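Asks: Quick one: the structure is below, and I'll ask about it shortly.
Nothing in this text is a laboratory measurement; each read-out follows from the coordinates by a stated rule. Just so it is clear, the structure is predicted and the values come from calculations on it, not from any experiment. Reconstructed Cβ throughout: ideal geometry from the backbone, glycine too, with neighbour counts over all protein chains shown.
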Amino acid sequence: NAGVTQTPKFRILKIGQSMTLQCTQDMNHNYMYWYRQDPGMGLKLIYYSVGAGITDKGEVPNGYNVSRSTTEDFPLRLELAAPSQTSVYFCASSYYRGQGEQYFGPGTRLTVT
Amino acid sequence: GENVEQHPSTLSVQEGDSAVIKCTYSDSASNYFPWYKQELGKRPQLIIDIRSNVGEKKDQRIAVTLNKTAKHFSLHITETQPEDSAVYFCAAKSSNDYKLSFGAGTTVTVRA
């Protein structure tokens, strides 16, 4: 199993550009999450999903959108990028309604200039 | 929602000494408490977790204790080694919820 994979690893965006961060898991997990981690800070939940077709907002959803059309994929869309969105983005998945290990992807380092 | 506070924010210990990190949570319905370790530039990884029906759990040099009455839980690392240097995050999950609430993290440095 590859676990949780994310692409790209690094990206530089100009202010106002848009992009999609990809996340895929091959563990057949129902629960998937997107976090952002600012330098020297903790993990803040952006969006999460409890299954295909079901998504919900986390702590910091403004400026982002998600979709979950399949169990495997949970892309995160940034519209009109702003410098405040410079961060490392982690996708994670878990099997049992959040209780049990969350498996994290390797992260995407995004810089908006 | 759940609020998790973590202390200290940084911790420096001599190799071989013990390290203790403490977290408090606000939601009395929380029933799952994991600890994650994040090495520099890497992804967070689960090192130990505890459920609310257990007071203590050990795994080799690491242990977690839970006090439900006081709503706090702690991570104990004994006989620290240089490879224990990392950022450690505590988290809590309410039985009413699907997501974890993370603490702000503790940067542990083990001095040789």
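Asks: What spacing in nm lies between the two simple spin-label points modelled at B:Q45 and B:V20, each 7 Å away from Cα in the Cβ direction?
Replies: Reported label-point gap for B:Q45 and B:V20 is 2.8 nm.
Asks: Moving to a separate point now. Based on the Kirkwood radius over alpha-carbon pairs, what value in µm²/s does the Stokes-Einstein equation return for the translational diffusion coefficient of chain A at 10 °C and 1.306 mPa s?
Replies: For these conditions, the coefficient is 115 µm²/s.
Asks: Restricting attention to region A:1-48, which trypsin sites (Lys or Arg not before Pro) occupy a DSSP loop and are surrounded by at most 12 other Cβ atoms within 10 Å?
Replies: Within region A:1-48, the qualifying trypsin sites (Lys or Arg not before Pro) (loop, at most 12 other Cβ atoms within 10 Å) are A:K9, A:K14.
Asks: Show me the trypsin sites (Lys or Arg not before Pro) within region A:52-113 that DSSP assigns to loop and that have at most 15 other Cβ atoms within 10 Å of their Cβ.
Replies: Counting only loop positions with at most 15 other Cβ atoms within 10 Å, the trypsin sites (Lys or Arg not before Pro) in region A:52-113 are A:R97.
Asks: Over the Cα atoms of the protein assembly as shown, what radius of gyration and what Dmax do you get, in Å?
Replies: Values for the protein assembly as shown (Cα only, Rg and Dmax): 17.6, 51 Å.
Asks: Could you identify which residue out of B:K22, B:K93, B:K71 has the top mean-square fluctuation in a GNM of chain B using Cα springs shorter than 10 Å?
Replies: B:K71
Asks: What number, in nm² with one decimal, is the all-direction average of the projected area of the convex hull of the alpha-carbon atoms of chain B?
Replies: 6.6
Asks: Taking neighbour Cβ counts within 10 Å as the exposure measure, how do A:V66, B:V54 sort from fewest upward?
Replies: Arranged by neighbour count, lowest to highest, A:V66, B:V54 become B:V54, A:V66.
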